[in-house]
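Structure first, then comments.
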Amino acid sequence: MTTPLFDLIRHEIAHDGPITVARFMELALGHPEHGYYMTRDPFGLEGDFITSPEITQMFGEMIGLWSVVVWQSMGRPDPVNVVELGPGRGTLMGDALRAAEADPDFMDAQRLWLVETSPVLRDAQKKNLMQTMRMPAWRDSFAETGPGPLLVIGNEFFDALPIRQYEKTAEGWRERLVGMNAAGDGLAFVLAPGAADETLIPETLRAEAEVGAVFEDQSASRAVMTDIAKRVVEHGGAALFFDYGHFEHGLGDTLQAVKDHEYADVLAEPGQADLTAHVDFQQLAEAARAAGAEVLGPLPQGAFLDHLGLRQRADMLMMHADPDVVQVIDGAYNRLTDPDQMGVLFKVMAVTRPGFAVPPWGGGEG
Ligand SMILES: C[S@@+](CC[C@H](N)C(=O)[O-])C[C@H]1O[C@@H](n2cnc3c(N)ncnc32)[C@H](O)[C@@H]1O
């Protein structure tokens, strides 16, 4: 099936030659008119996939309470910027703010920023946050949020940012690009004719890679992480990221498309399916450290949420609930924490000013 975006991409390839995987992702997800996120609300049963805050209110509540405790440890700065990257429907922030009402001083001090490029999702966020009576300021990028002490939250944000792919061939490393297939009626992966800059690939992986191995470079994510880390070091605060991916650099093609809750062909319907890649937490951690910040974790999501008290929160909610609701709450707890579900594949990493520990790695005494 061709899509409006396919025609645009075909045109770009005809004009300039094959495009990078990063450019393909940028267009497929973020093209102002036809990009996947720009045209729809993809969450839930009716949509293409589901995320932790859409599974249960407890996820956002935990993050809200974490934010209050970290703010108290920071010395209760007023104002404090609370920034969410890629807030989806705004569900996480709505639940977090409700839980954070436990400390009215925090609620008075917080200045809310949502970093979101999709107009459709900005609308959904507006509707969701209306009930909290706390209206955020929207920005297209983290760089446009205000100065000062900050708390940054991102759930499944980095997995949506563009990656570049490099493949080991018998002649050395080549960049993987998106070009036209032999028949000229569809897209196909092709290799750049020239050699890639090998220093982009971590030395340990260069040594072990066999022909056909793929390395994914997350320079777009690293650039955002560098910005965040610099701000945290300069102004104080912490950032907390949840994403699925691996602790250390690895080899493998993790680019995937999801549509109607099923895997789909990455190139078949640009703009109609979600595209993500596993997050290489080592790349993010190295970028944060290079900017002078301290990195805590990553921890598996299940362990992180259990340390924060997710089980106790679930038990509390279940205490007065009907049996069918008890089942839903318990199911949500398991989904987020079970090693066979989201408990291990998803990981949590914090970035702070050096010497500033945050729960569950320490801190929280404030
Ligand atoms: C996988 S969704 C996660 C949504 C939400 N955090 C959740 O857990 O439900 C990715 C989010 O990032 C946004 N997004 C994608 N690329 C972005 C970019 N380059 N800048 C800002 N937001 C982006 C999407 O519109 C969406 O809100």
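The values are calculated or read from the model by the stated rules, or taken from the named source; none is laboratory data. Bear in mind that the values here come from a model prediction, so they are computed numbers and not experimental data. When we count neighbours, we look across all protein chains shown, and the Cβ atoms used for this are built from the backbone with ideal geometry, even at glycine.
I'm checking my understanding of the structure. Among residues of region 19-34 that are touching a residue at least 12 places away in the same chain (Cβ under 8 Å) and over 20 Å from A277 (Cα atoms), which one is surrounded by the fewest Cβ atoms within 10 Å (Cβ to Cβ)?
E33
Which residue out of A357, A332, A314, A350 is at pLDDT below 95 and surrounded by 15 or more Cβ atoms within 10 Å (Cβ to Cβ)?
A357
In the list L45, L27, L65, which residue meets the criterion of being modelled with pLDDT of 95 or more and more than 30 Å from P359 (Cβ to Cβ)?
L27
Looking at L200 and the list (1) surrounded by 14 or more Cβ atoms within 10 Å (Cβ to Cβ); (2) more than 16 Å from the ligand (Cβ to nearest atom); (3) at pLDDT 95 or above, which single condition is not satisfied?
(3) is the only condition that L200 fails.
What is the one condition in (1) within 16 Å of the ligand (Cβ to nearest atom); (2) part of a loop (DSSP other than H, G, I, E, B) that G252 does not satisfy?
It fails just one condition, (1).
Considering only region 103-125, how many residues are more than 16 Å from the ligand (Cβ to nearest atom) and in contact with a strand residue (DSSP E or B) (Cβ under 6 Å, 6 or more places away or on another chain)? Working first, answer last.
First, pick out the residues of region 103-125 that are more than 16 Å from the ligand (Cβ to nearest atom): 103-111.
The next check asks that each one be in contact with a strand residue (DSSP E or B) (Cβ under 6 Å, 6 or more places away or on another chain); those that pass are 109-111.
Going through region 103-125 one residue at a time, the tally reaches 3.
For E12, state whether it is within 16 Å of the ligand (Cβ to nearest atom), over 27 Å from L296 (Cβ atoms) and among the acidic types (D, E).
For E12, the condition - within 16 Å of the ligand (Cβ to nearest atom), over 27 Å from L296 (Cβ atoms) and among the acidic types (D, E) - is not met.
Being within 6 Å of the ligand (Cβ to nearest atom), farther than 17 Å from V351 by Cβ and aromatic (F, W, Y) is the filter here; which residues of region 152-166 pass it?
Listed by number, the list is empty, since nothing qualifies.
If the Cβ limit is 7 Å and pairs must be 6+ apart or interchain, which residue in region 315-333 that is of a type in the set (S, T, Y) pairs with which residue that is surrounded by 15 or more Cβ atoms within 10 Å (Cβ to Cβ)?
What qualifies is Y333/L310; Y333/A314.
Check N81, N128 and return the single one that is away from the ligand (no atom under 14 Å from the Cβ) and touching a Ser or Thr at 6+ places or on another chain (Cβ under 9 Å).
N81
State yes or no: is P119 on the phi < 0 side of the Ramachandran plot and without any contact (Cβ under 8 Å) to a residue 12 or more places away in the chain?
no
Which of the residues that make up region 237-273 are in contact (Cβ under 8 Å) with a residue 60 or more places away in the chain, of a type in the set (D, E, K, R) and surrounded by fewer than 21 Cβ atoms within 10 Å (Cβ to Cβ)?
D253, K259, D260, E269
Which one of these is at pLDDT below 95 and in contact with a Leu (Cβ under 7 Å, 6 or more places away or on another chain): H235, H249?
Numbers: H235 fails: at pLDDT below 95.
Result: H249 is the single residue among H235, H249 that is at pLDDT below 95 and in contact with a Leu (Cβ under 7 Å, 6 or more places away or on another chain).
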